[in-house]
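Working notes, structure below.
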DNA sequence: GCCGTTTTCGGCCCGACTGTTTTCAGTCG
């Protein structure tokens, strides 16, 4: 079971309790139990480590929000595939109601009422039957429903079908940047910023949230709702509004605030939720109360035009949004010991690239020439670039032929080196075979400055075998970088399993580097492992894995991951000057 | 049901928006 499935199950239990939460006496106790299930679901959904892994290691209660009771339930789930207690809780409820919870605007109570009225007992047909009821005008006749709510449900059902669950960070970024550019054209918009998980630069984004500072809120909202790429407006109030973007059905929210209170708005809606809850606990201890408007002390409200003064008022350093996950950043900020995070401008070169060099390659070739890649690197202001490709296919070439192909390519790069005006390194991304051997013979490896080694096949090995496989390949002196170390593809594939403690120890000891791959669907290493690696003394590289010249610009998303993993400039090898880098890579 | 540099008991963040209401419940973030 994946984290997402477990989170969904917990939310179903929460919804079941919500519906059953009747009678004034039971209400208080249950309210907090409901919240506890939701909190646990949030934690699990946002956890970068797999809950199942934690269970195997006996560390379920390390998850914030999972205590003895839930750990027991999860243990039963992993052992037997079901949870008896949960089955009892959901027993007398219509089965179809839980499907309805995924529809925008339908919560537990509404889902229950609708599934009760329309006898939605079958989860598979529940959404379809609900749509039929809406189309035939039956919903508006129910008590506490009307024409508007029927229309809303119908619209939500229609956009539900096209809405992807979460979008990748670069997609959300480009949507947000376009909306921001549009909002900046509004004369009443004094500042425009990203909010939420987007501002925290998380790998996947639910909604795009935007903040605007203005004294003319209504004008800003009016401008917002005239954005040209709206599929549907969901809400429009005095200070906030929300629409569904034509692209991917992404929901875009806007919040406005006057400039004197703008800092509190930014802080509040950047989150994360857990970060804010922790901040409020600290505030309560000081007799203060936090909100999106500022800090309340008794009856008076202290206003903040920017975040720096907001955090200062709580006795701490300003915390970069990427760190706001309640993962120790508040404690560090109180002690004024936050790290100075790496900046995009610290990057001096890209080490993982692909070109259209003409050979039968083991995987997809790039689309731009060696020259074009080097030229783009110069434009980005880099001091060096490693020109790579996948190794020649071992099923199409003999070993001898592979070596001679690499020789030919090396000659071409050497020629380019003398004319290009940038330092160029010769490299390849080399497949790690199932037995840990590299797919290029030693005589071929000798001609490279270094090799990136990656797993592209047979990902189902056990954790132990996979670790042996990687470390065997990594032992070759030319193997310096492990490419996309977990092999995950966001929203498509979980990564394979590795014994990270062992990998980290090996890298730290032998001067090997782990990659933060900036491809949108990879962002691999994931942020949490970045932080663990750094704690273990491992050095990392940030690479784009670009298959064309334009993709070299994806670097910023890799830097985002590094920052979320608390990385400083010193932790990232390709922030080194050419002189220091070339010395390091040849060790 | 979870959690702990004031607590193993007694707390648990705060507010906007909408629709169907004549003052509020449900949903969302």
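Is there any pair linking a residue in the range A:86-103 that is closer than 16 Å to residue A:34 by Cα to one that is loosely packed, with under 15 Cβ neighbours inside 10 Å, with Cβ under 8 Å and at least six apart or on different chains, and which?
If the second residue must be loosely packed, with under 15 Cβ neighbours inside 10 Å, the pairs left are A:101/A:107.
For the range A:545-558, give me each residue that is touching a residue at least 60 places away in the same chain (Cβ under 8 Å) and buried (at least 24 other Cβ atoms within 10 Å of the Cβ). Explain how you work it out, then say what you get.
Step one: of the range A:545-558, the residues touching a residue at least 60 places away in the same chain (Cβ under 8 Å) are A:545-550, A:552-557.
Hits for the range A:545-558 are A:545, A:546, A:557.
Among the residues that make up the range A:99-108, is at least one of them part of a helix (DSSP H, G or I), surrounded by 14 or more Cβ atoms within 10 Å (Cβ to Cβ) and within 8 Å of DNA strand B (Cβ to nearest atom)? Spell out how you get there, then give the answer.
Narrowing the range A:99-108 to residues part of a helix (DSSP H, G or I): A:99-100, A:108.
Okay, now just the ones that are also surrounded by 14 or more Cβ atoms within 10 Å (Cβ to Cβ), so A:99-100, A:108.
Retained after the next criterion (residues that are within 8 Å of DNA strand B (Cβ to nearest atom)): A:108.
The answer is yes, given that some residue of the range A:99-108 is part of a helix (DSSP H, G or I), surrounded by 14 or more Cβ atoms within 10 Å (Cβ to Cβ) and within 8 Å of DNA strand B (Cβ to nearest atom).
In contact (Cβ under 8 Å) with a residue 12 or more places away in the chain, surrounded by 14 or more Cβ atoms within 10 Å (Cβ to Cβ), over 25 Å from residue A:146 (Cα atoms) and within 12 Å of DNA strand B (Cβ to nearest atom), is that true of residue A:60? Walk me through it before giving the result.
Working: in contact (Cβ under 8 Å) with a residue 12 or more places away in the chain: yes; surrounded by 14 or more Cβ atoms within 10 Å (Cβ to Cβ): yes; over 25 Å from residue A:146 (Cα atoms): yes; within 12 Å of DNA strand B (Cβ to nearest atom): yes.
Criteria met by residue A:60.
Can you tell me which residues in the range A:536-551 are part of a loop (DSSP other than H, G, I, E, B) and in contact with a strand residue (DSSP E or B) (Cβ under 9 Å, 6 or more places away or on another chain)? First the steps, then the outcome.
If we filter the range A:536-551 for residues that are part of a loop (DSSP other than H, G, I, E, B), which is where we start, we get A:536-539, A:544-545, A:547-548.
Scanning the range A:536-551 gives A:538, A:539, A:544, A:545, A:547.
Looking only at the range A:350-368, count every residue that is surrounded by fewer than 16 Cβ atoms within 10 Å (Cβ to Cβ) and more than 31 Å from the chain's Cα centre (by Cα) and tell me the total.
2
Kindly indicate whether residue A:166 is within 13 Å of DNA strand B (Cβ to nearest atom) and modelled with pLDDT of 90 or more.
On the way: within 13 Å of DNA strand B (Cβ to nearest atom): yes; modelled with pLDDT of 90 or more: no.
No.
Please pick out the residue among A:386, A:374 that is more than 29 Å from the chain's Cα centre (by Cα) and at pLDDT 95 or above.
Details: A:386 fails: more than 29 Å from the chain's Cα centre (by Cα).
None of the other options fit; the residue is A:374.
State all residues of the range A:1-31 that are within 10 Å of DNA strand B (Cβ to nearest atom), closer than 21 Å to residue A:45 by Cβ and modelled with pLDDT under 85; if no residue qualifies, say none.
Answer for the range A:1-31, where residues must be within 10 Å of DNA strand B (Cβ to nearest atom), closer than 21 Å to residue A:45 by Cβ and modelled with pLDDT under 85: there is none.
Spot the failing condition for residue A:78; the list is (1) buried (at least 17 other Cβ atoms within 10 Å of the Cβ); (2) part of a helix (DSSP H, G or I); (3) touching a residue at least 40 places away in the same chain (Cβ under 8 Å), and only one is missed.
(1)
If residue A:176 passes every condition in (1) away from DNA strand B (no atom under 16 Å from the Cβ); (2) under 27 Å from the mean Cα position of the chain (by Cα) but one, which one does it miss?
Checking residue A:176 against (1) away from DNA strand B (no atom under 16 Å from the Cβ); (2) under 27 Å from the mean Cα position of the chain (by Cα), the one that fails is (1).
Could you pull out every one of the strands (runs of 3 or more DSSP E) wholly within the range A:185-261 that has 2 or more residues that are touching a residue at least 60 places away in the same chain (Cβ under 8 Å), crowded, with 16+ Cβ neighbours inside 10 Å and more than 12 Å from DNA strand B (Cβ to nearest atom)?
Working: elements: A:191-194, A:208-213, A:230-236, A:240-245, A:251-257.
Result: A:191-194.
Residues of the range A:205-225 being out of contact with any helix residue (DSSP H, G or I) (no Cβ under 7 Å at 6 or more places or on another chain) and farther than 27 Å from residue A:260 by Cβ, which ones?
Passing the criteria: none in range.
Taking the conditions exactly as written (part of a helix (DSSP H, G or I), over 19 Å from the mean Cα position of the chain (by Cα), surrounded by fewer than 21 Cβ atoms within 10 Å (Cβ to Cβ) and at pLDDT 95 or above), does residue A:570 satisfy them or not?
Working: part of a helix (DSSP H, G or I): yes; over 19 Å from the mean Cα position of the chain (by Cα): yes; surrounded by fewer than 21 Cβ atoms within 10 Å (Cβ to Cβ): yes; at pLDDT 95 or above: yes.
So residue A:570 passes the test.
Restrict the check to the range A:70-91 and report whether at least one residue is at pLDDT below 85 and near DNA strand B (Cβ under 7 Å from one of its atoms).
no
Go over the candidates A:114, A:120 one by one and state the one that is more than 31 Å from the chain's Cα centre (by Cα), crowded, with 17+ Cβ neighbours inside 10 Å, within 16 Å of DNA strand B (Cβ to nearest atom) and not in a helix (DSSP H, G or I). Walk me through how you get there before you give the answer.
Numbers: A:114 fails: not in a helix (DSSP H, G or I).
Every option except A:120 fails the conditions.
Output the residues belonging to the range A:410-432 that are touching a helix residue (DSSP H, G or I) at 6+ places or on another chain (Cβ under 8 Å) and over 13 Å from residue A:479 (Cβ atoms).
A:412, A:413, A:416, A:420, A:421, A:422, A:423, A:424, A:425, A:426
Failed condition for residue A:268, given (1) surrounded by 16 or more Cβ atoms within 10 Å (Cβ to Cβ); (2) within 30 Å of residue A:517 (Cα to Cα), with all others met?
(2)
Only one of (1) more than 11 Å from DNA strand B (Cβ to nearest atom); (2) part of a helix (DSSP H, G or I); (3) surrounded by fewer than 13 Cβ atoms within 10 Å (Cβ to Cβ) is not met by residue A:55, so which one is it?
Evaluating residue A:55 over (1) more than 11 Å from DNA strand B (Cβ to nearest atom); (2) part of a helix (DSSP H, G or I); (3) surrounded by fewer than 13 Cβ atoms within 10 Å (Cβ to Cβ) leaves (3) as the failure.
Six or more apart or on different chains, Cβ under 8 Å: which pairs go from a residue in the range A:136-150 that's at positive phi and without any contact (Cβ under 8 Å) to a residue 40 or more places away in the chain to one that's in a loop (DSSP other than H, G, I, E, B) and more than 6 Å from DNA strand B (Cβ to nearest atom)? Could you list them?
none
Can you tell me which residue among A:332, A:313 is in contact with a strand residue (DSSP E or B) (Cβ under 7 Å, 6 or more places away or on another chain), surrounded by fewer than 21 Cβ atoms within 10 Å (Cβ to Cβ) and more than 21 Å from residue A:452 (Cα to Cα)?
Values: A:332 fails: in contact with a strand residue (DSSP E or B) (Cβ under 7 Å, 6 or more places away or on another chain).
The conditions single out A:313.
The values are calculated or read from the model by the stated rules, or taken from the named source; none is laboratory data. No experiment lies behind these values; they were computed from the predicted model shown. Positions of Cβ are backbone-derived with ideal geometry, glycine not excepted, and every protein chain shown enters the neighbour counts.
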